[in-house]
Amino acid sequence: MNRKWLIFAVCSSLFLMSLFYRASSAIIAPQLMKDLKLTHEDLGLLGAAFFYTFALVQFPLGPVLDRLGPRITIAGLNLLATLGAIVFARAGSMAGGVLGRGLLGLGMAANLMGPLKLFTIWFPPNRFATMSGLLLSLGTLGSLAATSPLALMVEALGWRGSFYTLAAVNVLLVLFIIIIVRDTPEGHGVQLADNQRTSVSPWLGALKLVFSSWSYWAISLSAFIRYGSYVAIQALWAGPFLMEYLRLPTITAGNLLFLLSLGFIIGSPCGGLLSDDLLKSHKKTVILGSTLSAFLAASFSLWKAPVHILLLGTVFFSLGFFNSFGQVIYAHIKELMPSEMSASAMTAVNFFTMMGGGVFIHMLGSIMQRFGGAAAHEGHAYSVAFLVCAAGYSIATMLYFTTKESQAKSP
């Protein structure tokens, strides 16, 4: 097989692992609270640790990839992720759990930007959009794997055994990186490496220009709130809600979370088609998705046991579907900025997106503790938390109304 396709296969596996770790806390939340003696506030910080470290690495990551190269950067960070999985599996307290999750976030930080950097070198420019789209689609399978499949693994191995197994997978992937991945094709290393290097000064200058745009701030802040609201549900709090409050079996909860991720996967290309061909507006597409997501998030506050599984599954699928329209923000910011600044703008937006995940997961934990405490299973705390998410979607929608319109370009 051509080396570039082997590189693509390794990169897809790496990104899949990143999304798997990101969403893994939802299924094992009850076990974590019991084994590590966590309050709901502690659980929120534990889930947020991944996002905090992931987000903080985004700004320096670009220059590091340019200077050290993707191969060394990705391999080194994934070794830290392996250490993080082991630390997390061995954790006996809140501190150990946060350290493990933090190392996982740090280790996964280059598993999207690193592959994208490689694609700019190994594939023709006119294939970059196709390859990056394939990477995102295959990587999102990690979110699916963190639902029912993880529930089955936990039942067989326990959550600690599952993370030891994941650490072994990470080691194997690091070996594949070292053996298979090359920063440049043979015979073109020097020229390509020189062309890919950028100095820190122009990079900082581009960021200054990006930060001077109100549309950038409106898009970034809305992404912070919108994705934060979604991932707080998807990556953590939906799990305890289903198992702790609605008293559903772990496998059933995993199936519902599976539908949430499946809706996101199916909705992403639909949102792109809606933006490009029907509404012909990135702005209108994002607003539509956020508005409908606000109503769906609010509906979670109304559920009580016993539940109609088919109807609840429809709500979960729909939330993933309509929330996925938010991925259009990257096309929006790219078109609003000069082409030479598009990468800086998208990376800067991604920082706020990931930081929103950490803040909202953490914040909802504090809300759960304040309004429910030890009696959170009675439901009031979950109702408040989901209404906060609904309010977040609404605020994100209002912010997006203030952005500059960008005409979507049909092929």
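Taken together, the values in this text are just the output of simple stated rules run on the coordinates, not laboratory data. None of these values were measured; they are calculated from a predicted model. Counting neighbours? That spans all protein chains shown, and the Cβs are built from the backbone with ideal geometry, glycine included.
What lysines could a cross-link reach from LYS117, if we take a straight Cα to Cα line under 27 Å and drop same-chain neighbours fewer than 8 places away?
Within the straight-line cut-off, LYS117 pairs with LYS4, LYS208, LYS334, LYS409.
Under the rule of at least 5 residues apart or a separate chain, name every residue whose amide H is placed under 5 Å from the amide H of SER281.
Those qualifying (amide H under 5 Å, at least 5 residues apart or on another chain) are ALA408.
Mind putting a number on the dipole of region 12-142 about its Cα centre? Charges go on the C-beta only, +1 for Lys and Arg and -1 for Asp and Glu, and I need it in Debye to the nearest 20.
Numbers: 9 positive and 4 negative charges, 48 e Å.
So the dipole magnitude of region 12-142 works out to roughly 240 debye.
From the helices alone, meaning DSSP H stretches of at least four residues, give me the mean residue ellipticity at 222 nm for the chain, per-run term -39500 (n - 2.57), in deg cm²/dmol to the nearest 500. Could the numbers behind the result be given before it?
On the way: 18 runs with 312 residues, N = 411.
Dividing the helical sum by the residues of the chain leaves -25500 deg cm²/dmol.
For mean projected area of the Cα convex hull in nm², the choices are [x] 34.2; [y] 18.8; [z] 23.9; which was calculated from the structure?
Only one listed value fits the structure, namely [y].
So how do HIS380, HIS332 line up by other beta-carbon neighbours within 10 Å, fewest first? The partial results should precede the final answer.
Working: HIS380 14, HIS332 25.
By the 10 Å Cβ count, ascending: HIS380, HIS332.
Taking every eigenvalue of the Cα gyration tensor of region 229-296, multiplying by 5 and rooting it, what semi-axes result, largest first, whole Å? Walk me through the intermediate numbers first.
Numbers: eigenvalues 175, 31, 11 Å².
Rounded to whole Å, the semi-axes are 30, 12, 8.
Scale the Cα Rg of region 199-405 by the rule-of-thumb value 2.2 N^0.38 Å and send over the ratio, two decimals.
Details: Rg = 18.0 Å, N = 207, 2.2 N^0.38 = 16.7 Å.
Taking the Cα Rg and dividing by 2.2 N^0.38 Å, one obtains 1.08.
Calculate, in nm to one decimal, what PHE295 and GLN31 gain on full extension: separation in residues at 0.36 nm each, minus their alpha carbon distance.
On the way: separation 264, 0.36 × 264 = 95.04 nm, distance 3.07 nm.
Answer, rounded to one decimal: 92.0 nm.
Relative to the present Cα-Cα distance, how much length would full extension add between LEU157 and MET398 at 0.36 nm per residue of separation? Provide the component values of the computation, followed by the final result.
Numbers: separation 241, 0.36 × 241 = 86.76 nm, distance 4.57 nm.
Gain in length upon complete extension: 82.2 nm.
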